[in-house]
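**Student:** Mind looking over this structure? Questions follow.
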Amino acid sequence: MTTFAAISTFNRAGLDLYGRRMVESFCQAWPRDVSMRLYSEGWDADDLLAHCRPLPASLSRLADETCEIVHLASASPWLDAFKARNRNRPFRDFRWDAVRFSHKVAAVCHAARTVDADVLIWLDGDIFTHAPVTIADLEGLAPDGDEWISWLDRASMYPECGFYMLNLRHEKHLEYISAFDRMYSSDALYGLNEYHDSHVLQVVVEIERAAAKSLSGEGRTASHPLVNGPLGQWFDHLKGNRKREGRSPARDLKVPRQEGYWQ
């Protein structure tokens, strides 16, 4: 059986706004065989569990070995230095705000070297799991054969990287993740057209000629591919203002969905 591990990161404000809900939905809907590592940006286990006392049975994994909390600043060898060098760089909007998205990359690069699993799953902190997920489901989504990554590619723009899966057993995995890492440790990303993590990862995949599997389905032509493709069967991605609304609105759906969550 393929082994899976999921990771995410968020700061204290994100924990309260969406992160705790993401973790709770993970605990309730994902197989217990899938571990969760949370990279903390300024919060601890007591903060995570603050609204979950007494701990219900459905969330018991928050208190056992299947859920791990790692302090991101301590784990990453380059994050603090990268932020110190670049925090005062001007930027127009999120596409050039490298510091904002560097936390996510630091978590992925650390986990990609230290997690013991076949497949690593990145989940943005604002992913909500609305239906049960099985190991068979995950195996169907995971990279196959020579593929290194499964992701939400889009036809006319950079991929949507709120959810992706890395094949940790790929023979060139360490080469690929090191190339991603160097974009930040050397500030090389500032030579690209855009500086956010989705564009940087896309460039790395292209330069390294890493084989990729599309998870977008019919959503590949949409700006919100997760809810319009196969992943919408289990997940919602509350990116942008959707965080405060608590879900993606019906207007985001460009293809019909039959799942109860979307009705």
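**Student:** Among the residues of segment 105-119, write down those that are out of contact with any Phe, Trp or Tyr (no Cβ under 7 Å at 6 or more places or on another chain), β-branched (V, I, T) and not in a helix (DSSP H, G or I).
**Tutor:** Matches in segment 105-119: V115 only.
**Student:** Check I121, I135, I149 and return the single one that is of a type outside the set (S, T, N, Q) and closer than 23 Å to H71 by Cβ.
**Tutor:** Unique residue meeting the criteria: I121.
**Student:** Still on this model: Can you name the residue in segment 203-236 that is assigned to a loop (DSSP other than H, G, I, E, B) and polar (S, T, N, Q) and, of all such residues, is farthest from E24 (Cα to Cα)?
**Tutor:** Checked segment 203-236; the qualifying residue farthest from E24 (Cα to Cα) is S223.
**Student:** Working only within segment 82-97, note down all residues that are out of contact with any His (no Cβ under 7 Å at 6 or more places or on another chain), in a helix (DSSP H, G or I) and in contact (Cβ under 8 Å) with a residue 60 or more places away in the chain.
**Tutor:** Of everything in segment 82-97, those that are out of contact with any His (no Cβ under 7 Å at 6 or more places or on another chain), in a helix (DSSP H, G or I) and in contact (Cβ under 8 Å) with a residue 60 or more places away in the chain turn out to be F82, R85, N86, W96.
**Student:** Can you tell me which residues in segment 101-116 are surrounded by 18 or more Cβ atoms within 10 Å (Cβ to Cβ) and not basic (K, R)?
**Tutor:** Result: F101, S102, H103, V105, A106, A107, V108, C109, H110, A111, A112, V115.
**Student:** Looking at segment 146-189 only, could you name the residues that are of a type in the set (G, A, S) and out of contact with any strand residue (DSSP E or B) (no Cβ under 9 Å at 6 or more places or on another chain)?
**Tutor:** A155, S156, S178, A179, S185, S186, A188
**Student:** Something else: Given the criteria of a type in the set (A, V, I, L, M, F, W, C), in a loop (DSSP other than H, G, I, E, B) and either crowded, with 16+ Cβ neighbours inside 10 Å or modelled with pLDDT under 95 (or both), does V200 qualify?
**Tutor:** In short, no.
**Student:** Looking at segment 205-263, which of the residues that are farther than 30 Å from D146 by Cα and of a type in the set (D, E) is surrounded by the most Cβ atoms within 10 Å (Cβ to Cβ)?
**Tutor:** Looking only at segment 205-263, we keep the residues that are farther than 30 Å from D146 by Cα, and these are 238-263.
So of that shortlist, the ones also of a type in the set (D, E) come out as 245, 252, 259.
Values: E245: 10, D252: 19, E259: 11.
Applying the filter and picking the extreme gives D252.
**Student:** So, one more: For segment 207-263, which residues satisfy the criterion of being without any contact (Cβ under 8 Å) to a residue 24 or more places away in the chain and hydrophobic (A, V, I, L, M, F, W, C)?
**Tutor:** A250
The values are calculated or read from the model by the stated rules, or taken from the named source; none is laboratory data. In this text, all values refer to a predicted model and were calculated from it rather than measured experimentally. No Cβ is skipped: glycine too gets one built from the backbone with ideal geometry, and neighbour counts run over all protein chains shown.
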